[in-house]
Amino acid sequence: MRVLVLGGGGREHALCWSISRSPLLKKLWCAPGNAGISQIAECLALNPSTAGDVVDFCTRESVDLLVIGPEAPLAAGVSDAARDAGIAVFGPSRAAAMLEVSKAFTKEICTASGAPTAAYATFDTPEGAKAYLTECGAPMVVKADGLAAGKGVVVAETMAEGMDAIDRIFDGPGGGTVVLEEKLIGEEASFFVLTDGKTILPLAGAQDHKRVGEGDTGPNTGGMGAYSPAPAFTPPIERRAMDEIVLPVLAEMTARGTPYSGVLYVGLILTENGPKLIEFNARFGDPECQCILPRLETDFLALVHACATGDLGTQTLAWKSAACLTVVMAAQGYPGDYGKGDEIAGLDAASADPNTLVFHAGTAAREGMIVSDGGRVLGITALGADVAEARARAYDAAAKIRWDTGFFRSDIGWRAL
Ligand code: AMP
Ligand code: GLY
């Protein structure tokens, strides 16, 4: 099979790594990719969100399968344009990706399908939002509608923080609409489900670490580390998440004429009263993807191809009996401003143990060196008999990396231990 992966982060390195292990693979491209991905795929200087260019490439090169990593190409209609051109696509249509793109849409569909989520209200003006906050009081979660790269959510503990967050959303690029939401109490879990619009296969659960600082402090990030499976996401909780959230929401999407296909990321808070939805994403989580795929025994290329062609019913999932943990190394300053272009050494030593993998996120190759080229830069990933062993291996590997301006959290996995 000839495969094009869109994206260039740690998630896409993990996707390319899994795909490259399949005997079905003939040729792998990635746009734009990164320095790590370029070791296993041909990287393309192609904007993944420009539908015309992606479709032209796929047609010219007889690409059999297009795998869309991030949300931006989905929101830009790349999956629809590729499907219209007869290309098999792993990724939902633009209409189905509304589950990620619009928080207001997600809330509305949860209400329509009875899926448990935080109580909420949606406002088009700062005055309306502030009146509601004054009436209900803090704490309150304030969310910008639309894609905000993980920076559109403020968990306001005080009224002043809430008012300030509302002002900043209406002044900012998200503009338009704000969602105010009840603060849910409980551990978070990320749950991934594959569907071709007919068959629905629960893939795996994971736990991410969203805050930048040790002990889950400081601002939110894209994710500083993750592990899978997540002990808190027990089989009975998974069953409830499927029955109460995933199945009714996917049925509602189908009933509306916009069936969902691809991977659905179900962001949950495990409350005393059961799992409640905080968000859907129309893609794999990052770093969660990096610690889920190494556990999978099933041929991943066969799996995503079946998902893209409506044959998911033919697939079964097999897993290694191992836990996997990813420690993200980020550039000093992230999630705020950070520098680029600093040399990173020790990568071969860090991945010498067969149980460790170093996925690249924001890296570039320059004059024979690997240099930092983004906020989240590496995902140091290790397998182990349990989370404790995987974590010890991942930190051993991280210690071998020499990068003066990089940092990582030293407590990834603390909830599971
Ligand atoms: P989101 O972009 O919706 O995933 O929100 C980012 C983060 O904000 C989540 O990972 C949670 O830590 C937090 N969050 C979002 N919604 C809620 C909520 N209703 N209650 C508590 N925390 C929340
Ligand atoms: N790790 C969180 C996300 O991918 O959105």
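Between Ala232 and Glu108, the modelled label-to-label distance comes to 3.2 nm, taking each label 7 Å out from Cα in the direction of the beta carbon. Whole-Hz Karplus values for region 101-113 come out as 5, 10, 5, 5, 4, 4, 4, 5, 6, 5, 4, 5, 9 Hz, taken residue by residue from phi with 6.51 cos²θ - 1.76 cosθ + 1.60 and θ = phi - 60°; glycine and proline positions read x.
On a per residue basis, region 260-302 carries 21 Å² of accessible surface, using protein heavy atoms and a 1.4 Å probe.
Across the chain, the mean sequence separation of Cα contacts (distance under 8 Å, 6 or more residues apart), normalised by length, yields a relative contact order of 17 percent. Calculated FRET efficiency, Thr298 and Lys340, Cβ-Cβ r, R0 56 Å, to nearest 0.05? After rounding to 0.05, the efficiency reads 0.90. For Cys43, nonlocal amide neighbours, meaning residues 5 or more places apart or on other chains whose placed amide H falls under 5 Å from its own, are Cys30.
Average accessible surface for region 1-143: 37 Å² per residue, computed with a 1.4 Å probe over protein heavy atoms with every protein chain in place.
Accessible area of the chain with a 1.4 Å probe: how many percent of it is carbon plus sulfur? Of the solvent-accessible surface of the chain, carbon and sulfur hold 51 percent.
Checking Cβ-Cβ separations below 4.7 Å across the chain identifies Cys16, Cys30, Cys43, Cys58, Cys110, Cys136, Cys289, Cys307 as cysteines lacking any candidate disulfide partner. In sequence order, region 269-282 has phi-based couplings of 10, 8, 7, 4, 9, x, x, 10, 6, 9, 6, 10, 10, 9 Hz under the Karplus curve 6.51 cos²θ - 1.76 cosθ + 1.60, θ = phi - 60°, and Gly or Pro positions carry x. Remark: spin-label model distance Ala121-Met159 equals 1.5 nm, labels positioned 7 Å along the Cα→Cβ axis.
Backbone geometry of region 261-267 corresponds, through the Karplus equation with coefficients 6.51, -1.76 and 1.60 at θ = phi - 60°, to 3J(HN,Hα) couplings of 9, x, 9, 10, 9, 10, x Hz, x marking Gly and Pro. In this rough spin-label picture, where each label sits 7 Å from Cα along the Cβ direction, the Ala352-Leu417 distance is 2.4 nm. On a per residue basis, the convex hull of the C-alpha atoms belonging to the chain measures out at 136 Å³.
The values are calculated or read from the model by the stated rules, or taken from the named source; none is laboratory data. Owing to the predicted nature of the structure, the values given are computational and were not obtained by experimental measurement. Glycine gets a Cβ as well: all are built from the backbone with ideal geometry, and neighbour counts include every protein chain shown. Please note that ligands, DNA and RNA were not included when accessible areas were found on the heavy atoms of the full protein model with its side chains. Shrake-Rupley method; radii C 1.70, N 1.55, O 1.52, S 1.80 Å.
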